[in-house]
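Worksheet: the structure to be examined is printed underneath.
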Amino acid sequence: MSSIFVRPPDFNSSEEATCVPPSDFIVGTWHVTHSTLPLWKDKRNVNITYELLPADTAGVQKLDDLVQYQALDSEIIKSVHGVDTPTPDKPGAWDWRGKGWLMIASSHWECLGFGPTDDDNQWIVTYFAKTIFTPAGIDIYSKNKKGLPQTTVDQILNALKELGVKDMTDLVNIVFQIPQN
């Protein structure tokens, strides 16, 4: 297993962001396998699909962001749709804005780390800032619906703890697994 590198969220760091996944890495469907977001406690099959949108007139490359999920006891697939705009002067960070009736909702998220696994999978760990609807938190994504080996999850969580940032350690201590089936 290659070593896991993560960085602290921008709110706790003056260093330049170093976790900027290339567009071809982030595009596609990611399965949210671990989270701290209370909303996902009674959900399963949470996934996020990112698609590149055409660059705007200023050359800004935005992402279409589609979250899909199911309640633990339901076959109905629900979704939340939005657009991610790169946060100015913060590489590896985006500002999400909902589409449709969710246009009033917004949030900020950052990539804290990403990489390949030994079994041809890929992972991303994200931090999302507190909003009026959700607390701050972290998510771990896997390209493969089966998720990541527990050793990889443990390495990601340990790397986050080793940052020495109390808020990150507190979040790591409440991470839970999201069922994927």
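Figures for the structure shown
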read-out: Elements of type strands (runs of 3 or more DSSP E) in segment 66-181, at least 2 residues being of a type in the set (D, E, K, R) and open to solvent by 40 Å² or more (accessible area, probe 1.4 Å); value: 93-98
read-out: Residue count, segment 129-151 (criterion: under 21 Å from Gly28 (Cα atoms) and in contact (Cβ under 8 Å) with a residue 60 or more places away in the chain); value: 10
read-out: Residue within segment 5-23 that is at pLDDT below 90, part of a loop (DSSP other than H, G, I, E, B), in contact with a helix residue (DSSP H, G or I) (Cβ under 9 Å, 6 or more places away or on another chain) and open to solvent by 50 Å² or more (accessible area, probe 1.4 Å) present; value: yes
read-out: Residue list for segment 86-100, restricted to those being over 19 Å from Lys130 (Cβ atoms) and without any contact (Cβ under 8 Å) to a residue 40 or more places away in the chain; value: Pro86, Pro88, Asp89, Lys99, Gly100
read-out: Residue satisfying all of: in segment 29-65; closer than 20 Å to Phe128 by Cα and of a type in the set (A, V, I, L, M); surrounded by the fewest Cβ atoms within 10 Å (Cβ to Cβ) among these; value: Leu39
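The values are calculated or read from the model by the stated rules, or taken from the named source; none is laboratory data. Since we're looking at a predicted model, the values are computed, not measured. Cβ: placed from backbone, ideal geometry, glycine included. Neighbour counts: every protein chain shown. Keep in mind that these areas ignore ligands, DNA and RNA; they rest on the heavy atoms of the full protein, side chains included. Shrake-Rupley method; radii C 1.70, N 1.55, O 1.52, S 1.80 Å.
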